[in-house]
Amino acid sequence: MKADFQNALGALTDLVKINSIETPPVDDMPFGKGNADALAYTLNLLENLGFHTTNLENYCGYGEVGEGELFGILGHLDVVPVGNGWTHPPFGAEIADGKLYGRGTMDDKGPMVACIFACARLLQEGFTPKKRIRFILGCDEESGWKCMERYAKTEEMPVAGFSPDADFPVINCEKGIVYHTLSFPLPKSVYTLSAGTRANVVPDYAEACLDYDEDVERIALARGCNCSKESGKLYLTAFGKSCHGSAPNKGINALIILLEALGAAYGEFNALYNAFCKFDGSGIGLKLYDKMSGSLTLNLGTAKAENGFAVFELDIRYPVSYKMGLITDILKSSLPLCDIDRGSFHLPLYVPKDDPLVCALLKAYNSVMKTDSKPISIGGGTYARFLPHGVAFGPQFPDTDATIHQKDEYIDLQDFQKMIDIYYTALKSLCF
């Protein structure tokens, strides 16, 4: 296969059409058939481009070329749930107005395809790798990183590398990430409660059914909720705008709107509203900041009624100089009405700005884009944390619309070409 733009676009189109939202295990597919199909497709693509490939029981896989020290490029093929309000089919891979639409186009199928074709282009131009270049393909990045746990059990760890799963120019600092589950007994006059799809996605809908309450209805209507009364019950639906949970300021949290309305009649919901209505943590004593990574953010991402309890999932991104235990301690002391359990987490990442890897990637970006950009810090979490020496590198360009985890996610085709050129320049410098 020729490593040109049209073949790269064709490969991405095929890959986006595979629905790789994680589903329950089936047979030898731990994350469902869609993820296994996406992995099989990408490994076959790598083989056709001259890479040796390995499938690790459909947890993850990799393609490798070259000899010497191992350099890793780590990305993921799983995608978050679709959500509501799409105007293009989320797995249709439609092209309109110079954009390819579909879930995963930017997170993270598009940038991984760009990296693969950038490397293949170097090989086809006759350059010889001075390192072993390994593309590591995860299938559980959005839900827990079991894919990387499986990789670590048996496979060689790259000495260095990057993950194309965040922003340009280059990210040398990623905040710590910690998830918590909060629960309390569901009031007997509340019958249903539902919101969101994942903790790391700002929910664009939230629903509840309860005994009719005039104050709840008044606030709900004032906040733009749909309200209906039937047989003495009040049905509420709140609407928001989804986005990545690491940047909650870019969305509108429908669950927070619902909690504000429910809080008019129920102290428990009012306490949660007051605690989490401000995404900087100031509502619950978590307004933390440091110069290296910026401010803490939080996202109350899901809610459900389960076995007589109201259960919520909370995503917190905290500055690199703070300890994770402090976060849990503050939550428990500030919300005594809740049972609080700490779930999965990722410790912070920090690589100095003058590190050779950071400098090489930054130089590649600046040379292609004709800029003088500097490294940045993010709240997102990437596979770079999995490496002993790694950073995140692309794909979101500065000052462009970010649709990751949102409806109508897309990749701009001109930006896709720029990505390939940037990854080509970076890999040529680091690995050839």
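The values are calculated or read from the model by the stated rules, or taken from the named source; none is laboratory data. Predicted, not measured: the structure shown is a model, and the values here were computed from it. Glycine also receives a Cβ, built like all others from the backbone with ideal geometry; neighbour counts cover every protein chain displayed.
Structure notes:
- The set of residues in segment 1-30 being outside any helix (DSSP H, G or I) and in contact with a Ser or Thr (Cβ under 7 Å, 6 or more places away or on another chain) consists of E22 alone.
- The listed residue being closer than 20 Å to A275 by Cα, modelled with pLDDT of 95 or more and out of contact with any Leu (no Cβ under 8 Å at 6 or more places or on another chain), out of K304, K332: K332
- Pick from segment 225-269, criterion assigned to a loop (DSSP other than H, G, I, E, B) and of a type in the set (S, T, N, Q), ranking: surrounded by the most Cβ atoms within 10 Å (Cβ to Cβ): S242
- One residue from I95, I21, I73 being in contact with an Asp or Glu (Cβ under 8 Å, 6 or more places away or on another chain) and among the aliphatic types (A, V, I, L, M): I21
- Counted as qualifying within segment 327-432 are the strands (runs of 3 or more DSSP E) with 2 or more residues that are over 18 Å from V113 (Cα atoms) and within 24 Å of the chain's Cα centre (by Cα), namely 339-346, 376-378, 390-392.
- Qualifying residues in segment 260-290 (those that are among the acidic types (D, E) and within 29 Å of the chain's Cα centre (by Cα)) - the one nearest to E207 (Cα to Cα): E260
- Among the residues here, A114 qualifies as assigned by TED's automatic domain parsing to the domain that holds S163, crowded, with 24+ Cβ neighbours inside 10 Å, at pLDDT 95 or above and more than 13 Å from E409 (Cβ to Cβ).
- The residue that is modelled with the lowest pLDDT, among those in segment 363-383 that are hydrophobic (A, V, I, L, M, F, W, C) and under 24 Å from S295 (Cα atoms), is I378.
- Residue check: L15 meets all listed conditions (1) closer than 26 Å to D415 by Cα; (2) surrounded by fewer than 20 Cβ atoms within 10 Å (Cβ to Cβ) but one, namely (2).
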